[in-house]
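Here is the structure we will look at.
The values are calculated or read from the model by the stated rules, or taken from the named source; none is laboratory data. Since the structure is predicted, the reported quantities are computational estimates derived from the model, not experimental observations. Positions of Cβ are generated from backbone atoms using ideal geometry, with glycine treated the same way; all protein chains shown enter the neighbour counts. Accessible surface areas use protein heavy atoms only, side chains included; no ligands, DNA or RNA. Shrake-Rupley method; radii C 1.70, N 1.55, O 1.52, S 1.80 Å.
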Amino acid sequence: MEPDLQVIDDPAGAAAELIVGASGHVVLTGGSTPRSAYERAAVRRPDWSGVDVWFTDERCVPPEDEHSNFRLVSAALLDHVEGATVHRMRGELGPHDGAAAYERELDASGPDAFDLMLVGLGPDAHICSLFPSDDALAERDRRVVGVEVAGMAPLVPRITLTLPEVNATRRVVFLITGEGKADAVARAFSGPPDPRAPGSLVEGSPLVLMDAAAAARL
């Protein structure tokens, strides 16, 4: 990996700008920092015609549950714009049935490669719901898999895109803030690829938007 590391005052604002300019097949993620980016993007771009919205991962809960990534993205962005075609991961089906259903949807109406994917980085350096050294991280044939045991809270099963789907994406953008992520940032972007730090397994030249606190140990 040869990441484009950018330490800036307002990473969420920079991410919002990228989202506002996006077209084609766009993959969104959950989290408090992305939520800020989505809220800004909703104000700046009310018409999302021509954009297919997909998700990096989902908790296996109903869509109205407080832990649902879909609920977060809807409240911050999708409920305030028009025209987007939204492809929701159906967490209520459970990890394996939900993953199979999303994979069928990807095969039927998804692209061979996504145009833009926004990801976070967990304090354990996980991306999507691909946790350190989990079996899902080694999957190379499936596009979507179920994760029965989450590596961090909330401790509910997950549905996640696999690493090949991430690595096939035309532009991957990390959005990372806060000193609590500094160790994870160093592990993901300062050393060799390591399954114990899934973020380090992203290939190519991802754009990494982070604040000074997150970059403190680079």
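Worth pointing out:
- Selected residue (only one of ALA108, ALA84, ALA42 is within 18 Å of VAL144 (Cβ to Cβ), more than 16 Å from the chain's Cα centre (by Cα) and of a type in the set (A, V, I, L, M, F, W, C)): ALA108
- Of all the numbered requirements in (1) in a helix (DSSP H, G or I); (2) closer than 30 Å to ALA212 by Cα; (3) at pLDDT 95 or above, THR33 misses one, and that requirement is (3).
- All conditions but one from (1) buried (at least 18 other Cβ atoms within 10 Å of the Cβ); (2) touching a helix residue (DSSP H, G or I) at 6+ places or on another chain (Cβ under 7 Å) apply to GLU39; the one that does not is (1).
- For PHE55, the criteria (1) at pLDDT 95 or above; (2) under 19 Å from LEU209 (Cβ atoms); (3) not acidic (Asp, Glu) hold in every case but one, which is (2).
- Within the range 58-81, the only residue that satisfies the criterion of being within 14 Å of the chain's Cα centre (by Cα) and either modelled with pLDDT under 95 or among the hydroxyl-bearing types (Ser, Thr, Tyr) (or both) is SER68.
- Condition check for TYR102 on (1) touching a Pro at 6+ places or on another chain (Cβ under 8 Å); (2) without any contact (Cβ under 8 Å) to a residue 60 or more places away in the chain: one failure, at (1).
- In this structure, ASP65 does satisfy being open to solvent by 40 Å² or more (accessible area, probe 1.4 Å), of a type in the set (D, E, K, R) and within 15 Å of VAL156 (Cα to Cα).
- Taken together, the criteria place GLY91 among residues that are touching a residue at least 40 places away in the same chain (Cβ under 8 Å), touching an Asp or Glu at 6+ places or on another chain (Cβ under 6 Å), over 16 Å from GLY120 (Cβ atoms) and not polar (S, T, N, Q).
- Every residue from the range 23-36 that is surrounded by fewer than 21 Cβ atoms within 10 Å (Cβ to Cβ) and over 13 Å from the mean Cα position of the chain (by Cα): SER23, GLY24, SER36
- The range 42-74, subset assigned to a helix (DSSP H, G or I) and in contact (Cβ under 8 Å) with a residue 40 or more places away in the chain, residue nearest to GLU17 (Cα to Cα): VAL73
- Unique residue being of a type outside the set (Lys, Arg), within 29 Å of ASP107 (Cα to Cα) and either modelled with pLDDT under 95 or surrounded by 15 or more Cβ atoms within 10 Å (Cβ to Cβ) (or both) when the list is PRO157, PRO192, PRO164: PRO157
- Of all residues assigned to the range 148-159, at least one qualifies as being in contact (Cβ under 8 Å) with a residue 40 or more places away in the chain, within 15 Å of THR29 (Cβ to Cβ) and in contact with an Asp or Glu (Cβ under 7 Å, 6 or more places away or on another chain).
- Any chance ALA197 is among the small types (Gly, Ala, Ser), crowded, with 24+ Cβ neighbours inside 10 Å and either in contact (Cβ under 8 Å) with a residue 24 or more places away in the chain or in contact with a Phe, Trp or Tyr (Cβ under 8 Å, 6 or more places away or on another chain) (or both): yes
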